[in-house]
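Okay, so here's the structure we're looking at.
The values are calculated or read from the model by the stated rules, or taken from the named source; none is laboratory data. What you see is a predicted model, and the numbers here were worked out from it, not measured in a lab. Backbone-built Cβ (ideal geometry, glycine too); neighbour counts: all protein chains shown.
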Amino acid sequence: MQLQTNDKQFGFWALRRSGVPNITIANRLGISRQAVSRALLLMDEKIGSTLSEMAQSNQIAIEKINAGRGILIGRSIPFQTTAIIFVSEKHGVQVWYEHDGNCGTCQRYTECIELLWDYATELSIRIEKTADPTKMAEELFTKVKAMV
């Protein structure tokens, strides 16, 4: 399932995830609170389905899922490690595996740091600035797991 992060319902969901109450979303957009609630219920279903489908396609056994936050915690069956699937407004759906990376030689070094900072910002999580994406990911995902 393709998750459209640029549609109106996703925007409602992202606002709620960042702590904006339904009534405030409704007032900002000039629509009813019930319309916002219905849209959020549909988005929670879409996000829950997307997270579950990603887990299945990546052979991840689901341990916890929070569609309202867009987070799935599980265990990778083939890699025998913790896996986190999350929804990012900027980066879409991402799958991360707990591992000790060799970040200094990785071609995706800058991309990983950007994604981690963006995702922490989306969730209003403070993480320590470091040049090691593995350490950033450990700190971020420890905090994310506590949210689920």
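Could you list, in sequence order, the residues of the stretch 109-130 that are in a loop (DSSP other than H, G, I, E, B), in contact (Cβ under 8 Å) with a residue 24 or more places away in the chain and hydrophobic (A, V, I, L, M, F, W, C)? First the steps, then the outcome.
Keep residues of the stretch 109-130 that are in a loop (DSSP other than H, G, I, E, B), which gives 123-130.
If we keep only those that are in contact (Cβ under 8 Å) with a residue 24 or more places away in the chain as well, we get 123-124.
The answer is LEU123, and nothing else.
Taking the stretch 58-72 only, how many residues are of a type outside the set (D, E, K, R), under 17 Å from ARG17 (Cα atoms) and not in a strand (DSSP E or B)? It would help to see each step written out before you state the result.
Applying the first criterion (of a type outside the set (D, E, K, R)) to the stretch 58-72 yields 58-62, 65-68, 70-72.
Retained after the next criterion (residues that are under 17 Å from ARG17 (Cα atoms)): 65-68, 70-72.
From what's left, not in a strand (DSSP E or B): 67-68, 70.
Number of matching residues: 3.
Working only within the stretch 45-66, note down all residues that are without any contact (Cβ under 8 Å) to a residue 24 or more places away in the chain and either surrounded by 14 or more Cβ atoms within 10 Å (Cβ to Cβ) or aromatic (Phe, Trp, Tyr) (or both).
Narrowing the stretch 45-66 to residues without any contact (Cβ under 8 Å) to a residue 24 or more places away in the chain: 45, 48, 52, 56-57, 59, 61-63.
Within the stretch 45-66, GLY48, SER52, ILE62, GLU63 qualify.
Give the residues of the stretch 1-19 that are of a type outside the set (S, T, N, Q), within 20 Å of SER124 (Cα to Cα) and surrounded by 14 or more Cβ atoms within 10 Å (Cβ to Cβ), sorted by residue number. If you could, list the steps in order and put the result at the bottom.
Taking the stretch 1-19 as the starting set, the residues that turn out to be of a type outside the set (S, T, N, Q) are 1, 3, 7-8, 10-17, 19.
Remaining after also requiring within 20 Å of SER124 (Cα to Cα): 10-17, 19.
Of everything in the stretch 1-19, those that are of a type outside the set (S, T, N, Q), within 20 Å of SER124 (Cα to Cα) and surrounded by 14 or more Cβ atoms within 10 Å (Cβ to Cβ) turn out to be PHE10, GLY11, PHE12, TRP13, ALA14, LEU15, ARG16, ARG17.
How many residues, within the stretch 131-148, are charged (D, E, K, R) and either part of a loop (DSSP other than H, G, I, E, B) or more than 17 Å from GLU98 (Cβ to Cβ) (or both)?
So in the stretch 131-148, the residues charged (D, E, K, R) come out as 132, 135, 138-139, 143, 145.
Narrowing further to those that are either part of a loop (DSSP other than H, G, I, E, B) or more than 17 Å from GLU98 (Cβ to Cβ) (or both): 132.
So the answer is 1.
In this structure, is MET147 among the aliphatic types (A, V, I, L, M), under 14 Å from the mean Cα position of the chain (by Cα) and modelled with pLDDT of 95 or more?
Details: among the aliphatic types (A, V, I, L, M): yes; under 14 Å from the mean Cα position of the chain (by Cα): yes; modelled with pLDDT of 95 or more: no.
Spelling it out, it is not the case that MET147 is among the aliphatic types (A, V, I, L, M), under 14 Å from the mean Cα position of the chain (by Cα) and modelled with pLDDT of 95 or more.
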